[in-house]
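Contents: one structure, followed by commentary.
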Amino acid sequence: MIRSIAIDGPAGAGKSTIAKKIAKQKGFIYVDTGAMYRAMGLYYMNKGVSPEDTEKIEGLINDIDVSISYENGEQVVSLNGENVNSKIRTPEVGSMASEVSTNGAVRKKMVSLQQQLAKTRSVVMDGRDIGTVVLPDAMVKIFLTASVDIRTKRRFDELKEKGIECDFEKLKKEIEDRDYRDIHRDNSPLKKADDAVEVDTSELNVDEVVKKILDIAESKGL
Ligand code: DC
């Protein structure tokens with residue numbers, strides 16, 4: 001039987017770290033939907049398209065092929081056949097992804113790809129609209145949160161580890177702007193599904209969050 005776990009929440013709440021571990025424990029595949037929007041963002045950025053230029057964004061949409069594959073258990077995101085994993089993690093690409101993801105045509109394309117993936121394999125999928133739009137029938141829905149300062153600190157450390165230097169206050173502002181856009185957009189805004197369980201990760205370490213979610217999954221028969 002194909003099963004799914006949906007994990008939604010704002011930037012830096014710990015979604016991908018946690019989702020990866022849950023997927024490993026359960027033997028499911030991990031689908032990072034943010035990476036797919038980032039690949040779209042990267043395409044438009046490289047083409048010099050302004051995020052306000054709806055006509056251009058929609059006009060180019062059929063030229064973009066985003067696909068997901070797995071290498072040694074790691075998700076590989078390809079943009080028109082090129083592995084873009086190493087190019088999509090910068091704050092600039094994150095902001096562009098947040099901007100172009102407000103476009104209905106972009107979302108339609110990504111949601112259909114994500115639903116297709118979840119039809120073939122059991123998944124742990126993370127994003128902003130997984131429990132509400134992409135997988136409304138997911139057996140387990142989690143809404144991960146943490147304070148903005150903690151989320152900024154986590155992103156800051158993550159980027160530093162990758163050798164990407166940035167200014168803490170600038171990063172915090174970028175995260176706040178992204179939160180605002182993700183929450184207030186008309187198309188599938190970031191929001192907790194009615195049947196999702198909220199988990200605040202501010203005071204918990206990774207293992208504690210994983211355990212909490214595995215317990216929730218078990219209580220739901222998964
Ligand atoms: O999770 P992330 O930071 O990699 O996501 C980048 C942006 O993509 C995020 O700011 C909003 C958008 N996104 C979305 O709109 N829906 C999703 N399911 C996942 C991400």
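Observations
- Single condition GLU82 does not satisfy, out of (1) closer than 17 Å to SER95 by Cβ; (2) away from the ligand (no atom under 15 Å from the Cβ): (1)
Listed here are the residues, each with its yes/no results for (1) of a type in the set (A, V, I, L, M); (2) within 15 Å of the ligand (Cβ to nearest atom); (3) in contact (Cβ under 8 Å) with a residue 40 or more places away in the chain; (4) on the phi > 0 side of the Ramachandran plot.
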| site | (1), (2), (3), (4) |
| --- | --- |
| GLU169 | no, no, no, no |
| LYS172 | no, yes, no, no |
| ASP182 | no, yes, yes, no |
| ASP194 | no, no, no, no |
| THR201 | no, yes, yes, no |
| LEU204 | yes, no, no, no |
| GLU208 | no, no, no, no |
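- Total residues in segment 193-222, condition in a loop (DSSP other than H, G, I, E, B) and touching a Ser or Thr at 6+ places or on another chain (Cβ under 8 Å): 3
- Selected residue [at pLDDT below 95 and either acidic (Asp, Glu) or under 20 Å from ASP8 (Cα atoms) (or both)] from GLU82, GLU158: GLU158
- Checklist (1) modelled with pLDDT under 95; (2) aromatic (Phe, Trp, Tyr); (3) within 14 Å of ASP126 (Cα to Cα) applied to TYR70, failing item: (3)
- Odd one out for ILE29 among (1) in contact (Cβ under 8 Å) with a residue 60 or more places away in the chain; (2) among the aliphatic types (A, V, I, L, M); (3) over 17 Å from SER112 (Cα atoms); (4) within 12 Å of the ligand (Cβ to nearest atom): (4)
- Close contacts from segment 35-57, counting a first residue that is without any contact (Cβ under 8 Å) to a residue 24 or more places away in the chain and a second that is not in a helix (DSSP H, G or I), with Cβ to Cβ under 6 Å and a gap of 6+ residues or different chains, come to LYS56/VAL49.
- Checking each residue in segment 1-21 for being hydrophobic (A, V, I, L, M, F, W, C) and within 16 Å of the ligand (Cβ to nearest atom) picks out ILE5, ALA6, ILE7, ALA11, ALA13, ILE18, ALA19.
- For segment 18-65, residues that are under 30 Å from LYS211 (Cα atoms), surrounded by fewer than 15 Cβ atoms within 10 Å (Cβ to Cβ) and within 19 Å of the chain's Cα centre (by Cα) total 1.
The values are calculated or read from the model by the stated rules, or taken from the named source; none is laboratory data. Worth saying up front: this structure is predicted, and the values here are computed from it rather than measured. We place every Cβ from the backbone using ideal geometry, glycine too, and count neighbours over all the protein chains shown.
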